[in-house]
Amino acid sequence: LGWALPHGWAATSNVSVVRLHEPEHALTEWAYSASVGHRIVGPLSGVAEAWTLRPRHAAAHSYVGGALVLTATNDLEFDARAGHGVGPGGRDYVLALGAARRW
């Protein structure tokens with residue numbers, strides 16, 4: 001989900017479900033996120049985000065972080081993000097590179 005906000009700001013939210021089937025059992029993991037972003041200059045935007053991963057039979061892990069997003073075209077983006085765990089997962093760190101393409 002995404003919302004355009006005043007003065008060039010944007011807010012997004014996401015809910016995902018992953019279902020893996022293995023010979024012995026199946027695994028379900030939920031993920032939730034919320035973010036707010038703003039264009040920095042040209043095609044480069046900055047994003048602040050919070051997300052939670054919730055495996056079926058394990059404690060949830062929550063994170064806060066930020067990202068730089070490069071919009072290459074209307075249908076292609078690249079991002080670099082870093083995050084830090086909060087709560088019981090406070091010692092967890094996340095570094096990631098990503099790409100998103102709209103089909």
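The values are calculated or read from the model by the stated rules, or taken from the named source; none is laboratory data. This one's a predicted model, so the numbers in the text were calculated from it and none came from an experiment. Methodologically, a virtual Cβ is constructed for each residue, glycine included, from the backbone with ideal geometry; neighbour enumeration extends over all protein chains shown. In case anyone asks, the SASA skips ligands and DNA or RNA and just uses the protein heavy atoms, side chains included. Shrake-Rupley method; radii C 1.70, N 1.55, O 1.52, S 1.80 Å.
If I ask for residues that are touching a residue at least 24 places away in the same chain (Cβ under 8 Å), more than 20 Å from residue 40 (Cα to Cα) and touching a Lys or Arg at 6+ places or on another chain (Cβ under 9 Å), which ones from the range 68-103 would you list?
85, 94
Among (1) exposed (fewer than 13 other Cβ atoms within 10 Å of the Cβ); (2) within 24 Å of residue 93 (Cα to Cα); (3) without any contact (Cβ under 8 Å) to a residue 24 or more places away in the chain, which single condition is residue 4 missing?
(2)
Would you pick out the residues in the range 87-96 that are part of a strand (DSSP E or B) and open to solvent by 60 Å² or more (accessible area, probe 1.4 Å)?
The first filter runs over the range 87-96 and keeps only residues part of a strand (DSSP E or B), leaving 93-96.
93, 95 - these are the residues of the range 87-96 that are part of a strand (DSSP E or B) and open to solvent by 60 Å² or more (accessible area, probe 1.4 Å).
For residue 31, all conditions in the list (1) open to solvent by 40 Å² or more (accessible area, probe 1.4 Å); (2) out of contact with any helix residue (DSSP H, G or I) (no Cβ under 6 Å at 6 or more places or on another chain); (3) at pLDDT below 95 hold save one; what is the number of the exception?
(1)
Of the conditions (1) open to solvent by 60 Å² or more (accessible area, probe 1.4 Å); (2) assigned to a strand (DSSP E or B); (3) not aliphatic (A, V, I, L, M), residue 23 fails just one. Which one is it?
For residue 23, the failing item is (2).
Select from the range 34-54 the residues that are within 10 Å of the chain's Cα centre (by Cα) and at pLDDT below 95 and write down the one among them that is farthest from residue 65 (Cα to Cα).
Among those residues, the one meeting the criterion is 52.
Consider residue 54 carefully, then state whether it is touching a strand residue (DSSP E or B) at 6+ places or on another chain (Cβ under 9 Å), over 23 Å from residue 5 (Cβ atoms) and of a type in the set (Lys, Arg). Full working, then the answer.
Numbers: touching a strand residue (DSSP E or B) at 6+ places or on another chain (Cβ under 9 Å): yes; over 23 Å from residue 5 (Cβ atoms): yes; of a type in the set (Lys, Arg): yes.
Yes; evaluated as a whole, the condition is true for this residue.
In the range 68-77, which residues are open to solvent by 40 Å² or more (accessible area, probe 1.4 Å) and assigned to a strand (DSSP E or B)? Let's see the steps before the verdict.
Residues of the range 68-77 open to solvent by 40 Å² or more (accessible area, probe 1.4 Å): 68, 70-77.
Scanning the range 68-77 gives 68, 70, 71, 72, 73, 76, 77.
Residues checked against (1) surrounded by fewer than 13 Cβ atoms within 10 Å (Cβ to Cβ); (2) in contact (Cβ under 8 Å) with a residue 24 or more places away in the chain:
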{"position": "35", "(1), (2)": "no, yes"}
{"position": "39", "(1), (2)": "no, yes"}
{"position": "55", "(1), (2)": "no, yes"}
{"position": "59", "(1), (2)": "yes, yes"}
{"position": "66", "(1), (2)": "no, no"}
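In the list 59, 99, 80, 10, which residue meets the criterion of being among the hydrophobic types (A, V, I, L, M, F, W, C) and part of a loop (DSSP other than H, G, I, E, B)?
Values: 99 fails: part of a loop (DSSP other than H, G, I, E, B); 80 fails: part of a loop (DSSP other than H, G, I, E, B); 10 fails: part of a loop (DSSP other than H, G, I, E, B).
Among 59, 99, 80, 10, only 59 is among the hydrophobic types (A, V, I, L, M, F, W, C) and part of a loop (DSSP other than H, G, I, E, B).
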